[in-house]
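The values are calculated or read from the model by the stated rules, or taken from the named source; none is laboratory data. Fair warning: this is a prediction, and the values are worked out from it, not measured in the lab. Cβ: placed from backbone, ideal geometry, glycine included. Neighbour counts: every protein chain shown. Just the protein is used for accessible areas: all its heavy atoms, side chains included, with ligands, DNA and RNA removed. Shrake-Rupley method; radii C 1.70, N 1.55, O 1.52, S 1.80 Å.
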Amino acid sequence: MAFECQESTEISKNLANYSESNHSSYNSAPENLETSKPSLDFNPKKGISSFYGSKQLPPNDVFTNARRSITDLPPALVSEILNYLDPKELGIISCVSTILHNIASEHHVWKEFYCERWGLPVASGLLGAGASDEKSWKKLFVERDFRSKTFLGRCSIDVLYGHTEAVRTVFLLASAKLIFTAGYDSVVRMWDMEEGLSIASSRPLGCTIRAVAADTKLLVAGGTDGFIHCWKAVESLKHLFDLKGVEKQNKEFRLWEHEGPITSLALDLTRIYSGSWDMTVRVWDRSSLKCTQVLRHGDWVWSLVPHDTTVVSTSGSDVFLWQTNTGTLLNVIQNGHVGNTYALARSCTGDFLFTGGEDGAIHMFEIISGSDESSVVQVATWIPHSGAVYSLAFEFPWLVSASSDGKLALIDVRKLLRASKRTLGKRVSRDNDIDQRNIEPPQRMLHGFGCNLFSVGIGADRIVCGGEEGVVRIWNFSEALEIEQRARALRGIRLENRMRRRRLQIEMNNKGGRTDQCSVAAKKKTVNGDRNSVWHSKRSISSKVKT
């Protein structure tokens with residue numbers, strides 16, 4: 001972070017010469033020294049030269065100002081400066097000094113970093129009693145960011161059997177540890193996420209269920225009959241929903257206004273969103289259960305994803321961005337894919353949009369909201385599949401796609417995002433023109449099962465998928481970090497044992513070297529050796545003397 005340019009070097013030399021040349025005059029005639037205020041004109045090209053260029057400051061004041069640091073600024077100004085840093089830069093700043101470490105660690109921006117990536121923690125127990133303490137947000141962020149690396153580790157695969165025909169839709173409700181699935185057998189099933197066991201199933205609804213969505217208050221399912229089947233949560237039930245209607249009869253109801261099969265559903269705190277092959281997207285009020293907006297398209301609606309007061313929908317090959325309060329069309333991405341655009345996913349901030357289509361491609365867009373209209377800019381493109389992309393799911397930083405080729409692709413998009421306070425993580429790390437060659441390919445491909453994967457979900461260190469086979473697969477990465485730690489420990493033990501054996505071998509070789517030296521000396525002085533040696537010559541001399 002420290003650098004030195006030519007102008008700064010010249011400034012320091014001028015300051016030194018200035019102090020030497022004026023030291024005597026400063027001591028002898030202090031009354032003649034001008035003490036007027038320095039000029040605060042700033043020239044960006046000359047740096048601080050305009051500040052110190054005039055001979056109006058005494059040298060001591062010059063050196064005093066030069067020793068000032070960022071910690072001398074008012075706390076409010078320091079906090080505003082830190083708002084423009086991303087988590088990595090804040091971590092670097094915290095290593096500079098103790099003061100900056102305390103400021104960076106206690107900064108309120110950690111809560112915003114967490115929320116812009118994963119949203120508010122649904123489980124209140126995550127924060128506990130220290131929810132108001134901003135240090136806990138940094139700890140939560142660091143732990144969650146560390147856990148995001150689990151999808152590159154080892155996993156276990158669970159297969160859930162229960163459906164008699166193809167599974168068209170899956171939904172993972174991580175906050176309640178529940179999985180909801182439905183398909184051609186017209187039954188909605190609820191599974192325990194951790195145990196992989198079937199909890200309950202609905203009565204046959206009489207049609208193919210193509211869409212399911214849920215939160216902790218409401219479960220909705222839509223099918224080819226045009227009805228939206230709804231179940232309210234029962235507080236006394238551990239698993240929230242009574243699909244069979246045994247506990248309370250008034251917890252199940254239906255909504256109907258669509259004139260065609262329902263293909264997509266979504267929920268937020270106040271609305272229900274439904275898309276249909278009748279070429280409309282309908283927005284429902286959750287309290288009154290009335291349809292408040294009808295968004296009309298020119299082709300079948302395949303998918304939708306809401307955020308705040310906007311909703312994105314796909315119709316044919318086009319992608320539409322709507323204002324839900326007024327029903328205004330904000331923007332259209334025409335011919336987003338070759339063929340139909342089947343799948344959509346959106347980031348927690350709603351500023352990044354992912355689309356998947358019949359051509360097997362995945363596009364990433366940035367939504368830039370303006371005062372009057374919103375613009376959409378394409379950021380990246382991947383083509384990981386040889387078949388149509390039917391479903392997308394996103395949890396920062398992983399984008400997961402399910403395709404008709406029977407494969408799942410995991411794409412890490414964190415390098416395409418650059419968080420900051422001003423844009424709340426909305427800026428994209430791109431130059432004027434994005435070089436597609438610099439975009440990384442999918443980090444991992446999951447395969448080994450049949451073709452036509454129709455739906456995928458991600459959350460709680462798990463990936464859930466359903467397809468034409470009629471089974472639900474769960475890739476469990478929750479123990480990936482622990483497995484990696486054990487593997488590293490075993491590798492360390494093996495390395496230590498190898499080094500110990502090597503040291504013992506070296507010691508044995510050193511001891512064996514002494515015996516080798518003795519054997520070499522014995523070979524040089526053998527009894528049956530050369531008869532002309534000194535010892536034999538002495539013996540012959542002594543025999544002559546005796547004679």
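Here are a few things to note about the model shown:
- Using bins of 10 Å that start at zero, the share of Cα-Cα pairs per bin across segment 198-244 amounts to 26, 55, 18, 1, in whole %.
- Segment 240-296, accessible surface, carbon-and-sulfur percent (1.4 angstrom probe): 48 percent
- Amide hydrogen proximity for residue 316: with H placed 1.01 Å from N in the peptide plane, the residues at 5 or more positions away or on another chain lying under 5 Å are 300, 302, 341.
- Remark: segment 231-238, residue by residue, has Karplus-estimated 3J(HN,Hα) of 10, 7, 6, 9, 5, 6, 8, 5 Hz, where x stands for each Gly or Pro and the curve is 6.51 cos²θ - 1.76 cosθ + 1.60 at θ = phi - 60°.
- Long-range amide H partners of residue 165 with built H, under 5 Å: 185
- Percentage, to the nearest whole number, of Cα pairs in segment 326-387 over 18 Å apart: 38 percent
- The modelled label-to-label distance between residue 383 and residue 154, using points 7 Å beyond Cα along the C-beta direction, is 3.7 nm.
- Neighbour-limited loop hits for trypsin sites (Lys or Arg not before Pro), segment 224-283 (at most 12 other Cβ within 10 Å; DSSP other than H, G, I, E, B): 238, 244, 248
- FRET efficiency for the pair residue 70 and residue 414, taken as 1/(1 + (r/R0)^6) with r the Cβ-Cβ distance and R0 = 30 Å, rounds to 0.60.
- Burial order of peptide ranges 99-105, 499-505 (average beta-carbon count within 10 Å, highest first): 99-105, 499-505
- Gain in span if fully extended, residue 439 to residue 99, counting 0.36 nm per residue against the direct Cα distance: 118.6 nm
- Between amide H atoms placed 1.01 Å from N, distances below 5 Å from residue 241 occur with 234, all of them 5 or more places distant or on a separate chain.
- Residue by residue, segment 477-494 carries 3J(HN,Hα) couplings of 9, 5, 9, 5, 5, 5, 5, 5, 5, 5, 5, 5, 4, 5, 5, x, 5, 5 Hz when phi is fed to the Karplus relation 6.51 cos²θ - 1.76 cosθ + 1.60 (θ = phi - 60°); x denotes Gly or Pro.
- One decimal place: the segment residue 232-residue 451 gains 75.4 nm when fully extended, by the rule 0.36 nm per residue minus the C-alpha distance.
- When peptides 333-346, 285-298 are ranked by their average number of other Cβ atoms within 10 Å per residue, the highest-first order is 333-346, 285-298.
- Descending by average beta-carbon neighbour count within 10 Å, the peptides 389-395, 506-512 line up as 389-395, 506-512, the highest first.
- For segment 240-313, GluC sites (Glu not before Pro) are listed when DSSP marks them as loop and at most 15 other Cβ atoms sit within 10 Å of their Cβ; the list is 247, 259.
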